[in-house]
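J.: I have a structure here, written as structure tokens, and I will follow up with some questions on it.
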Amino acid sequence: MAWREPAIQPISVTPTPYGGPMFQTATTSIDQRERELLACERIIGKVLARELELLRSLDSDQVVQLDGSRSMADWVAARLDVSTDTARSLTRAARTLADQPEISSDLAAGSVSFDRAVATGRLVAAGATDEQVAASYGFDLNGVARITARHRRMTRVSEQAAYRDRYLAMQPSLDELLGDCGANSPATKAGSSRRR
């Protein structure tokens, strides 16, 4: 009997449609797809706002020390199974937006994207005025980052003030405090010379 190759039936790896095709891109207009894309981004923003709220509460409960992780970002990366870059940005966003409830509420309402909320939060944290923050909504995210960088630059006056205000903390050596109990005490030297 000669060997024959079995008949291979094609198998679909995509889920079967539930009453129609999953994505109807051919029948919807560009505007409808764009509106749906924006709606998806609003949903993502709402979910991320809740995630940041949970991260803030876990951070305040010091879950990192309880779990033995090195940092909050490492804990987030391990628990959420995300990259360390994503974990760092989530942790940084949670801490940045903690003091800015109006931006957090805008994110939770879906009126701003996650990246816009983070960029605006950094701008506020850098010390921008309310007018500058309001004007930043007219810029793209790179423009907001440039405005934030301008606020973070150190001026010559602030650099001189930082130089003037520096201090040096001195602590006495523990060897001096031990006195005769230290390794260089006469009793220790005499004891070591007798052992030879």
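J.: Quick one: how many residues across the range 92-144 are touching a Lys or Arg at 6+ places or on another chain (Cβ under 7 Å) and among the polar types (S, T, N, Q)?
T.: The total comes to 1.
J.: Still on this structure, please answer the following. Return the pairs, sorted by first residue and then second, in which the second residue is modelled with pLDDT under 95 and among the charged types (D, E, K, R), the first residue lies in the range 45-57 and is at negative phi, the beta carbons are less than 8 Å apart, and the residues are 6+ apart or on different chains.
T.: Here the result reads R56/R95, each pair linking the range 45-57 to a residue that is modelled with pLDDT under 95 and among the charged types (D, E, K, R).
J.: Mind checking which pairs have a first residue in the range 103-118 that is under 9 Å from G45 (Cβ atoms) and in contact (Cβ under 8 Å) with a residue 40 or more places away in the chain and a second that is among the acidic types (D, E) and assigned to a helix (DSSP H, G or I), Cβ under 7 Å, 6 or more apart or different chains?
T.: Here the result reads V112/D106; S113/E41; A117/D106, each pair linking the range 103-118 to a residue that is among the acidic types (D, E) and assigned to a helix (DSSP H, G or I).
J.: Can you give me the ranges of the helices (runs of 4 or more DSSP H) entirely in the range 86-188 with at least 1 residues that are of a type in the set (V, I, T) and either at pLDDT 90 or above or surrounded by 11 or more Cβ atoms within 10 Å (Cβ to Cβ) (or both)?
T.: Of the helices (runs of 4 or more DSSP H) lying wholly inside the range 86-188, those with at least 1 residues that are of a type in the set (V, I, T) and either at pLDDT 90 or above or surrounded by 11 or more Cβ atoms within 10 Å (Cβ to Cβ) (or both) span 101-109, 114-125, 130-136, 141-152.
J.: Return the pairs, sorted by first residue and then second, in which the second residue is in a helix (DSSP H, G or I) and of a type in the set (S, T, Y), the first residue lies in the range 143-162 and is within 24 Å of T120 (Cβ to Cβ), the beta carbons are less than 8 Å apart, and the residues are 6+ apart or on different chains.
T.: From the range 143-162, the pairs are G143/S136; V144/T120; V144/S136; I147/S136.
The values are calculated or read from the model by the stated rules, or taken from the named source; none is laboratory data. These numbers were taken from a predicted model, which means no experiment stands behind them. Virtual Cβ from ideal backbone geometry, glycine too; neighbours counted across all protein chains shown.
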